[in-house]
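Student: Pasting a structure here, questions to come.
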Amino acid sequence: MALAKELASKRKSAQASEPAVAKQAPVVGSQIGSTQFHSLLQQEISVTSNTVSEQIVNYIKYSLCRDSTNIDVFGMYMASSSTLRNKLIDNWMKTQQVQQETRAKSVNYLSLEFLMGRALTNSLYNMEVGQTYAESLRDLGFKLEDIQSEEQDAALGNGGLGRLAACFIDSLACMNIPAWGYGLRYNYGMFKQHIENGYQTESPDYWLKHGCPFPLVERLDREYVIRFGGWTEMETVNGKMHFKWTGGSMVKAVAYDCLCPGHHTQNVANIRLWSARPYSGGPSKCFFELGRRMKFII
């Protein structure tokens, strides 16, 4: 249902937009803030060995609240992936702007699994900034290979269908085809496999223990209330019959965008993942009954 609402919103936006005029600056719709504010938003992050080093140090100091006496390799991974995500967001916003101006049709791929692999390594070389980051990290006293080894695979799938879905999104991004994937942001992933006493065992894969990992972007401005169960009620207003959906359990769906850059292009595809949250806007069985709510959260 969240997917249907999202697609309806995108269609409405496309119908409301006007065709782009060649070689003209894009016209911003309903602006909030001054012209200077919008002008500053159009500026992009510079990716050089010096600027990347500065961005990494700023993140370590002002976001992690750490310094050279207590930083470790994982902290450096968080800083490096955060600075790369900023540039990735620049490219993604530019991609969305072009698609809206040209009123491009998009491919929408729905899958329960997306086996993306390690996003940091993939993004570094697809965006052709791997060498720049290697030089920046070397100047700071770290190796890119050590940073890459700290990344954990996104626990969004583990089978052939998940890998196939990821390949589709990568290929569409590389071919500059407007594409959106849609799936679920699992809190505990599929599962982890272990060998204990000669037998294979499975356990939950809590891949989100360090917060929102690269390259996910939390979109708190994209959320919908989803209702499970309930019933319909009919009422007549001004001679017209109206139907109302009442009762049941409600869950809030919050969007996360997984940004997937294409190789040798600035085009960025997007996988929109939906996370279940407890709904607190009113009485709801799923808010009070913890056991049932956890089925939706997982």
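The values are calculated or read from the model by the stated rules, or taken from the named source; none is laboratory data. All of these numbers come straight from a predicted model, not from anything done at the bench. Neighbour counts run over all protein chains shown; Cβ positions are idealised from the backbone, glycine included.
Student: Counting only residues that are in contact (Cβ under 8 Å) with a residue 60 or more places away in the chain and of a type in the set (S, T, N, Q), how many does region 211-248 have?
Tutor: The number of residues fulfilling the criteria is 0.
Residue-by-condition table, conditions (1) at pLDDT 85 or above; (2) under 24 Å from the mean Cα position of the chain (by Cα); (3) of a type in the set (D, E, K, R):
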| position | (1), (2), (3) |
| --- | --- |
| 12 | no, yes, yes |
| 45 | yes, yes, no |
| 65 | yes, no, no |
| 97 | yes, yes, no |
| 103 | yes, yes, yes |
| 108 | yes, yes, no |
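Student: Continuing with this model, one more query. Test residue 256 against the criterion of being closer than 28 Å to residue 168 by Cβ and either touching a helix residue (DSSP H, G or I) at 6+ places or on another chain (Cβ under 9 Å) or at pLDDT below 85 (or both), and give yes or no.
Tutor: Working: closer than 28 Å to residue 168 by Cβ: yes; either touching a helix residue (DSSP H, G or I) at 6+ places or on another chain (Cβ under 9 Å) or at pLDDT below 85 (or both): no.
Answer is no for this residue.
Student: Residues of region 195-210 being surrounded by fewer than 10 Cβ atoms within 10 Å (Cβ to Cβ) and either in contact (Cβ under 8 Å) with a residue 12 or more places away in the chain or closer than 12 Å to residue 152 by Cβ (or both), which ones? Break it down into steps so the answer makes sense when it comes.
Tutor: Restricting attention to region 195-210, the residues satisfying the condition of being surrounded by fewer than 10 Cβ atoms within 10 Å (Cβ to Cβ) are 195-200, 209.
Residue satisfying the conditions is 209 alone.
Student: A follow-up question, please. Which one is modelled with the lowest pLDDT, of the residues in region 139-161 that are in a helix (DSSP H, G or I) and surrounded by fewer than 19 Cβ atoms within 10 Å (Cβ to Cβ)? Outline the logic, then answer.
Tutor: Going residue by residue through region 139-161, those that are in a helix (DSSP H, G or I) are 139, 144-149, 160-161.
Those left that are additionally surrounded by fewer than 19 Cβ atoms within 10 Å (Cβ to Cβ): 139, 145-146, 148-149, 160-161.
Values: 139: 96, 145: 95, 146: 96, 148: 94, 149: 93, 160: 83, 161: 88.
Checked region 139-161; the qualifying residue modelled with the lowest pLDDT is 160.
Student: Only one of 84, 124 is under 24 Å from residue 163 (Cβ atoms), buried (at least 19 other Cβ atoms within 10 Å of the Cβ), touching a residue at least 40 places away in the same chain (Cβ under 8 Å) and under 15 Å from the mean Cα position of the chain (by Cα). Can you tell me which?
Tutor: On the way: 124 fails: under 15 Å from the mean Cα position of the chain (by Cα).
Among 84, 124, only 84 is under 24 Å from residue 163 (Cβ atoms), buried (at least 19 other Cβ atoms within 10 Å of the Cβ), touching a residue at least 40 places away in the same chain (Cβ under 8 Å) and under 15 Å from the mean Cα position of the chain (by Cα).
Student: When you scan region 179-194, how many residues do you find that are surrounded by fewer than 20 Cβ atoms within 10 Å (Cβ to Cβ), in contact (Cβ under 8 Å) with a residue 40 or more places away in the chain and of a type outside the set (Phe, Trp, Tyr)?
Tutor: Selection size over region 179-194: 3.
Student: Being closer than 19 Å to residue 207 by Cα and in contact (Cβ under 8 Å) with a residue 60 or more places away in the chain is the filter here, so list the residues in region 87-121 that pass it. Talk me through it step by step, then tell me what you get.
Tutor: Of region 87-121, the ones closer than 19 Å to residue 207 by Cα are 112-121.
Matches in region 87-121: 112, 113, 114, 116, 119, 120.
Student: Among the residues of region 49-64, which ones are among the small types (Gly, Ala, Ser), touching a helix residue (DSSP H, G or I) at 6+ places or on another chain (Cβ under 6 Å) and over 10 Å from residue 83 (Cβ atoms)?
Tutor: Residues of region 49-64 that are among the small types (Gly, Ala, Ser), as a first pass: 49, 53, 63.
Pick out the ones that are also touching a helix residue (DSSP H, G or I) at 6+ places or on another chain (Cβ under 6 Å) and you get 49, 53.
Residue satisfying the conditions is 49 alone.
Student: Does residue 116 count as in contact with a helix residue (DSSP H, G or I) (Cβ under 6 Å, 6 or more places away or on another chain) and either at pLDDT 90 or above or under 29 Å from residue 47 (Cβ atoms) (or both)?
Tutor: Working: in contact with a helix residue (DSSP H, G or I) (Cβ under 6 Å, 6 or more places away or on another chain): yes; either at pLDDT 90 or above or under 29 Å from residue 47 (Cβ atoms) (or both): yes.
Yes: the conditions hold for residue 116.
Student: Does region 70-93 contain any residue that is assigned to a strand (DSSP E or B) and touching a Pro at 6+ places or on another chain (Cβ under 9 Å)? Working first, answer last.
Tutor: Of region 70-93, the ones assigned to a strand (DSSP E or B) are none.
No, region 70-93 has no match at all.
Student: Let me ask something additional. So, restricting to strands (runs of 3 or more DSSP E) that lie completely within region 162-268, which ones have at least 3 residues that are under 13 Å from the mean Cα position of the chain (by Cα)?
Tutor: Numbers: elements: 179-184, 192-196, 199-203, 216-228, 231-237, 240-246, 249-261.
Ranges flagged: 179-184, 216-228, 249-261.
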